[in-house]
Every structure is written in C-alpha cells, then in structure tokens.
Amino acid sequence: MVFIDACFRQETPYTPIWMMRQAGRYLSEYQAVRKRAKNFLDLCADVKLATEVTLQPIEILDVDAAILFSDILLLPHKMGLPLEFLPSFGPKFTQTIQNLEDMKALKRGAYKDLGFVYEIVSSVRAKLDKSKALIGFSGAPWTLATYMLEGQGSKTYSRSKKILYTEPATVHALLEALSDEIIGYLDMQAQAGANALMLFDSWAGALELEAYLEFGWSYIDKITKALKLKHPKIPLIVFPKGVGAYLGHLKGDFEVFGCGWGVPLKLAKEILGGHYVLQGNLEPARLYSQEAMVEGVEHIFGLMGKKAGFIFNLGHGMLPDLPRANAIELVRLVRTQSKR
Ligand code: CP3
C-alpha cells in the first residue's frame, strides 16, 4: 500500500493523498446515503451504509486511503453522555461532566460497546482494493474531554479551563479514563483490519504550552506508546490542531505528524521533518478556486519536494460547500505532479 509505505518513509511511486472529511456533504452520493438513515448517529451505526460512504471517496476521488466513517464523539457517548447532532449547529451533549462525581459515573470499557465500528472496519477492509489503506481513528483525550465538559464546541473553552485550573485532579482522572478507552478502541480497530490509526486533537490549540503538555500531549504520548507495543507495523498519525508554536515540544512514539493549515510547512519540516513523516496541509478553502488550489499544491511541493517523508492532505476537513470537481482535480494533480 502506497500510503502505508509512505507512513514508514519508504520511497513510493508518487506522493499519496487523502483528505480529512473526504466522506461528507460536498458529495451528492453521501447526501443520498445520509437520507436513507434516520440521523447522523444512525448512519454511523449502520454497517452497510457506513461502509458505503467510507468507500465513496475511493471510488469518486481515487484517494490512496479510506478513513473509517464514524465520529470522534461516539466514544464519550457510549461512556454515558447523551448526544445529538443538530442540523446547522453540530454535535451537542445534552448532559455534561460538571464534577468528579459525574466523572466517576462514566462507563468504563465503553469501547467494547462499539462493536458496529469494528464491523464497519472489517466490512470496509474486505471490500477495499489491496493497494488502498484503511485509516481507523479516535479523538485525543483533551479534545474529547473538552466536548464532555462544554457539551459542544466552544470559542473560549472557559468551562474546561476553569475546571483544569481549579480541579486539575478531576481533569486528569477524566483524561486517564479516556486514554484507557482510546487504547482499547484503537486496538480493536487494528484487530478488525485498520491499516493505520490517527488521533485527532482538534482543540489542542486552546491551551497554553505548559497546560497542553500536561493535559494534552502527555496522554497522546501514553496512547501511542501502548499502541506501538501492540501493533508495531501499524503507523500512527497524530493531528494536534493549532499548535504551530509548540512544534519543538511535540516528540513521541508515532510515525506521522499531521499539520493543520495554520502551521507553516517550512517550519514543520525544519523542526519535525527529520523525526516524522509530515502530512498536510493545504488550506481547504483554497478548493473554492481552482487557481488558488493549484498555487497551493505547487507551493507545498516546492517546500516538501517529491521524495519520501510527505503525505498530501488538507490542513483541516473538507467543507460542505466545496466543489467536488476541485476535490477530484486535486487528487489528479497531486498524483501527476509527484510522479517519480
Ligand atoms: O471522512 C472522514 O473524515 C471520516 C469521518 C469523520 C467525521 N468526523 C464525520 C462527520 C471524522 C474523522 C470526524 C472527526 C471529528 N468529528 C472531529 C475531528 C476532526 C476535526 O474536524 O477537527 C471533530 C472535532 C468531530 C466532531 C464533529 N462531528 C463536529 C464538530 C461535527 C459538525 C461539523 C459539521 O461539519 O457539521 C460533526 C458531524 C460530522 N462528522 C459530519 C461528518 C460527515 C457531518 C454530519 C452530517 O452529515 O450532517
């Protein structure tokens, strides 16, 4: 698999590409399948439909990897927090963690209740071409904890930060519990057939450096170490979003470092390029304009070259109103431009 070889810095015939949120509303094919499920959570739990949407970007875009169709919030949901996906608002936990008592009431071993996720992984792997990789994923502890504390996305993260600075032990207990769940969850995805595993730390940039190292990165470090011992041949990808200024502090036991669009790739290459394969980081909004997209691709290849050590991706997820034709063109462009 070109993608897996690239994760381990092997030479490949071209630079592999996949896109965060490559399965989603910008594809009419996704919308058609989405309508067949009662709501988004039901779609995530329906093995047949979730398999179908996981495979759509492979068929439509010809990307090098499929990513499991699911959501990072299913795990905290199974730990006991009621979850809704409200149209034009996004996800919302209608009950949140307020104190140590709430935290202790959470279900442990919840990852065992996500059997349908592992079934989707096996079902996709069985249908996927042998040359294409399947990426399994989880939210990182800090990002999942913020959703559990806030109930929803936040601009200030004030609830999370208040409890972090007033009751750090409670937050650590929550992060510990989440780390154990995530290790179990990703281990099971690997056993079901995932070829690579990715941790999304979307709200990493909400914390000052010291707090991020203590409450965010240290748990990522623990999780990647545990997974590396169990599955040395499965590459691990970490994506801490919004931490460009902290790059020098983010070392650990993983293969691929995902760069958000806010990280200048030149800087990431200088600081981390010798340690990790870099993945990223075309600004998704460039896909609104074919010109801006081509310019972005050329800039990235100008910096990263066409040798091993780089995987092409967007710097965050595909947006629902991006033109699908440009997504298709992006894959074609990256493949032809990077032919060795
Ligand atoms: O194609 C893929 O990337 C795989 C599937 C995937 C989804 N969510 C599907 C989804 C993945 C990897 C995620 C991860 C995820 N979910 C993250 C981390 C990555 C990031 O974006 O930072 C986060 C923070 C979430 C939480 C979440 N789920 C939000 C904030 C939203 C609403 C945003 C929106 O675009 O509406 C979701 C819903 C969601 N997850 C959708 C999809 C396809 C849209 C749901 C719909 O069809 O209505």
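State all residues of segment 224-258 that are within 18 Å of Cys7 (Cα to Cα), touching a residue at least 40 places away in the same chain (Cβ under 8 Å) and within 16 Å of the ligand (Cβ to nearest atom); if no residue qualifies, say none.
Leu236, Ile237, Val238, Phe239, Pro240, Val256, Gly258
Can you confirm whether segment 47-56 contains a residue that is touching a Pro at 6+ places or on another chain (Cβ under 9 Å) and more than 8 Å from the ligand (Cβ to nearest atom)? Walk me through it before giving the result.
First pass over segment 47-56, keeping only residues touching a Pro at 6+ places or on another chain (Cβ under 9 Å): none.
Within segment 47-56 (the criterion being touching a Pro at 6+ places or on another chain (Cβ under 9 Å) and more than 8 Å from the ligand (Cβ to nearest atom)), the answer is no, since none of the residues qualifies.
Quick check on segment 112-122: of everything there that is crowded, with 20+ Cβ neighbours inside 10 Å and closer than 11 Å to Thr51 by Cβ, which residue is farthest from the chain's Cα centre (by Cα)? Working first, answer last.
Looking only at segment 112-122, we keep the residues that are crowded, with 20+ Cβ neighbours inside 10 Å, and these are 114, 117-118, 120-121.
Keeping just the survivors that are closer than 11 Å to Thr51 by Cβ gives 120-121.
Values: Ile120: 17, Val121: 15 Å.
That would be Ile120.
Return a yes/no flag: does segment 41-49 have any residue that is under 30 Å from Lys339 (Cα atoms) and either touching a residue at least 40 places away in the same chain (Cβ under 8 Å) or hydroxyl-bearing (Ser, Thr, Tyr) (or both). Full working, then the answer.
Applying the first criterion (under 30 Å from Lys339 (Cα atoms)) to segment 41-49 yields none.
No, there is no match, as no residue in segment 41-49 is under 30 Å from Lys339 (Cα atoms) and either touching a residue at least 40 places away in the same chain (Cβ under 8 Å) or hydroxyl-bearing (Ser, Thr, Tyr) (or both).
Among Leu75, Leu81, which is touching a strand residue (DSSP E or B) at 6+ places or on another chain (Cβ under 8 Å), part of a loop (DSSP other than H, G, I, E, B) and either over 17 Å from Arg21 (Cα atoms) or more than 13 Å from the ligand (Cβ to nearest atom) (or both)? I'd like the intermediate steps shown before the answer.
On the way: Leu75 fails: part of a loop (DSSP other than H, G, I, E, B).
Matching residue, one of Leu75, Leu81: Leu81.
State all residues of segment 157-178 that are among the polar types (S, T, N, Q) and surrounded by fewer than 19 Cβ atoms within 10 Å (Cβ to Cβ); if no residue qualifies, say none. Quick ask: steps written out before the conclusion?
First, pick out the residues of segment 157-178 that are among the polar types (S, T, N, Q): 158, 160, 166, 170.
Within segment 157-178, Ser158, Thr166 qualify.
Looking at segment 38-58 only, could you name the residues that are outside any helix (DSSP H, G or I) and either among the polar types (S, T, N, Q) or buried (at least 18 other Cβ atoms within 10 Å of the Cβ) (or both)? Explain how you work it out, then say what you get.
Here is the first cut: in segment 38-58, the ones outside any helix (DSSP H, G or I) are 38-39, 46.
Across segment 38-58, the qualifying residues are Asn39, Asp46.
Glu119 passes all but one of (1) within 30 Å of Met1 (Cα to Cα); (2) among the acidic types (Asp, Glu); (3) within 15 Å of the ligand (Cβ to nearest atom); which number fails?
The number of the failed condition is (3).
Look through Ser138, Ser154 and report the one residue that is outside any helix (DSSP H, G or I), surrounded by fewer than 20 Cβ atoms within 10 Å (Cβ to Cβ) and at negative phi.
Selected residue: Ser154, the only one of Ser138, Ser154 that is outside any helix (DSSP H, G or I), surrounded by fewer than 20 Cβ atoms within 10 Å (Cβ to Cβ) and at negative phi.
Can you go through Glu176, Glu210 and tell me which one is among the acidic types (Asp, Glu) and under 20 Å from Met79 (Cα atoms)?
Details: Glu210 fails: under 20 Å from Met79 (Cα atoms).
Unique residue meeting the criteria: Glu176.
So which residues in segment 308-340 are of a type in the set (A, V, I, L, M), touching a Lys or Arg at 6+ places or on another chain (Cβ under 9 Å) and within 14 Å of the ligand (Cβ to nearest atom), if there are any at all?
Matches in segment 308-340: Leu314, Met318, Leu319.
With the structure loaded, tell me whether Arg332 is closer than 26 Å to Ala23 by Cβ, buried (at least 19 other Cβ atoms within 10 Å of the Cβ) and basic (Lys, Arg) or whether it fails that test.
Numbers: closer than 26 Å to Ala23 by Cβ: yes; buried (at least 19 other Cβ atoms within 10 Å of the Cβ): no; basic (Lys, Arg): yes.
So Arg332 does not fit the description; no.
Looking at segment 86-105, can you tell me whether even one residue there is among the acidic types (Asp, Glu), within 12 Å of the ligand (Cβ to nearest atom) and either in a loop (DSSP other than H, G, I, E, B) or surrounded by fewer than 18 Cβ atoms within 10 Å (Cβ to Cβ) (or both)? Before the answer, list the steps.
Start the filter on segment 86-105 by keeping residues that are among the acidic types (Asp, Glu), which leaves 101-102.
Imposing the further condition that a residue be within 12 Å of the ligand (Cβ to nearest atom) reduces the set to none.
No; the residues of segment 86-105 include none that is among the acidic types (Asp, Glu), within 12 Å of the ligand (Cβ to nearest atom) and either in a loop (DSSP other than H, G, I, E, B) or surrounded by fewer than 18 Cβ atoms within 10 Å (Cβ to Cβ) (or both).
Can you list residue pairs whose Cβ atoms sit under 9 Å apart, with the first residue in segment 148-165 being farther than 13 Å from Ala206 by Cβ and the second being among the aromatic types (Phe, Trp, Tyr) and part of a loop (DSSP other than H, G, I, E, B)? Count only pairs 6 or more apart in sequence or on different chains.
These pairs meet every condition: Gln152/Phe89.
For Val263, state whether it is part of a loop (DSSP other than H, G, I, E, B) and either crowded, with 22+ Cβ neighbours inside 10 Å or touching a strand residue (DSSP E or B) at 6+ places or on another chain (Cβ under 8 Å) (or both).
Details: part of a loop (DSSP other than H, G, I, E, B): yes; either crowded, with 22+ Cβ neighbours inside 10 Å or touching a strand residue (DSSP E or B) at 6+ places or on another chain (Cβ under 8 Å) (or both): yes.
For Val263, the condition - part of a loop (DSSP other than H, G, I, E, B) and either crowded, with 22+ Cβ neighbours inside 10 Å or touching a strand residue (DSSP E or B) at 6+ places or on another chain (Cβ under 8 Å) (or both) - is met.
Are there any pairs with C-beta distances below 6 angstrom linking a residue in segment 19-34 that is on the phi < 0 side of the Ramachandran plot and without any contact (Cβ under 8 Å) to a residue 40 or more places away in the chain to a residue that is in a helix (DSSP H, G or I) and more than 10 Å from the ligand (Cβ to nearest atom), with the two at least 6 apart or on different chains, and if so which?
As it stands, the answer is Val33/Leu49; Val33/Glu52, since those pairs meet every condition given.
Taking the criterion of being within 15 Å of the ligand (Cβ to nearest atom), within 17 Å of the chain's Cα centre (by Cα) and part of a helix (DSSP H, G or I), would at least one residue in segment 277-284 satisfy it?
Taking every residue of segment 277-284 in turn, at least one turns out to be within 15 Å of the ligand (Cβ to nearest atom), within 17 Å of the chain's Cα centre (by Cα) and part of a helix (DSSP H, G or I).
Quick check on my filter: what residues within segment 11-37 are more than 9 Å from the ligand (Cβ to nearest atom) and either at pLDDT below 95 or in a helix (DSSP H, G or I) (or both)?
Once the filter is applied, which keeps residues that are more than 9 Å from the ligand (Cβ to nearest atom) and either at pLDDT below 95 or in a helix (DSSP H, G or I) (or both), segment 11-37 yields Ser28, Glu29, Ala32, Val33, Lys35, Arg36.
The values are calculated or read from the model by the stated rules, or taken from the named source; none is laboratory data. Here the structure is a predicted model, which is why all the values come from computation and not from measurement. Virtual Cβ from ideal backbone geometry, glycine too; neighbours counted across all protein chains shown.
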